[in-house]
Amino acid sequence: MNAHNFKGKAVNVNRKGKILSPARISAPKFIAIVQAILAAGKRLQQLHIEEVDKNKNTQMRTVRSVLLRKLISTASSSSVISTVANLLSSLNNVAVGRRDLENVFIISDGKFPEVQMKTRSKFQLANEKLDQLIGLYRKQLRMHNLEFLNVSGVTHLIEILLLPQLPLDVKVPSNWMKVNSTKKTIRYHPPEVSNALDQLLLANEELSVVCLTAWDSFLKTLIGHYSEFQAAVQALAALDCLYALAMLSRDKVYI
């Protein structure tokens with residue numbers, strides 16, 4: 001195992017481990033902490049301390065120091081590694097990186113039923129309603145290739161080309177709201193789109209509340225593992241200190 005790589009992981013956990021608690025913590029911070037614990041633990045497992053100690057085979061011991069074996073065994077506990085891996089399997093790392101709490105949970109095997117129910121109800125229905133409206137405007141404007149346009153964060157725009165030979169008011173209903181324009185086009189939100197976007201915004205806010213509640217519940221599951229995680233973090237911190245002292249002792253001017 002590369003000592004330099006291990007040291008980096010140990011310091012990472014040591015610094016971040018202080019905020020690993022059942023209290024509210026952001027998804028990116030949680031992922032950073034448990035991934036560091038997992039990475040360091042897996043590297044330390046390569047020493048097979050736990051396996052050798054179970055077999056009580058002193059001749060196979062790669063580490064003779066009782067203190068080091070105890071620290072390594074604690075930091076690379078198979079129970080901790082298994083728990084961390086299980087927790088990470090429930091989360092979407094891509095969504096976590098985007099701080100997209102609405103999509104942070106991997107919904108499968110009956111996990112997070114409240115999020116699944118909300119995702120499949122109002123939010124999904126509001127999205128479907130918006131997508132279906134394009135067919136109405138294709139018929140109304142006689143533009144079979146018409147598609148919704150998204151520009152600078154504004155979604156579901158209807159873009160109409162400015163045609164001098166055809167009066168604009170003939171093609172576009174008067175109750176359509178002008179959103180923005182260019183020299184060649186004008187973009188609108190029909191009233192049905194505006195209403196559907198309001199419903200989508202409301203559904204998204206409700207989903208955000210549900211996901212935040214689910215995240216809090218997810219963090220509360222850590223209570224049962226907190227002491228075990230804390231012991232692993234403390235063991236990694238101690239190993240980091242011992243590593244630093246060992247490197248310092250190699251210096252000729254060290255006393």
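Observations on the structure shown:
- Protein heavy-atom surface of segment 70-114, 1.4 angstrom probe: 50% of the accessible area is carbon and sulfur, with nucleic acids and ligands not counted.
- Protein-only accessible surface order, largest first, of Tyr243, Tyr188 at 1.4 Å: Tyr243, Tyr188
- Rounded to the nearest 10 Å², the accessible area of Thr213 at probe 1.4 Å: 80 Å²
- Here the gap between Ala85 and Met117, fully extended at 0.36 nm per residue and compared with their Cα-Cα distance, gives a gain of 9.0 nm.
- The heavy atoms of Glu205 offer some 100 square angstrom of accessible surface to a 1.4 angstrom probe.
- Entry for segment 175-214 at q = 0.29 Å⁻¹: log10 I(q)/I(0) = -0.89, Debye formula applied to identical alpha-carbon scatterers, no solvent contribution.
The values are calculated or read from the model by the stated rules, or taken from the named source; none is laboratory data. Treat the numbers as computed from the prediction; the structure is a model and nothing was measured. These area figures cover heavy atoms from the full protein model, side chains too; ligands, DNA and RNA do not enter into them. Shrake-Rupley method; radii C 1.70, N 1.55, O 1.52, S 1.80 Å.
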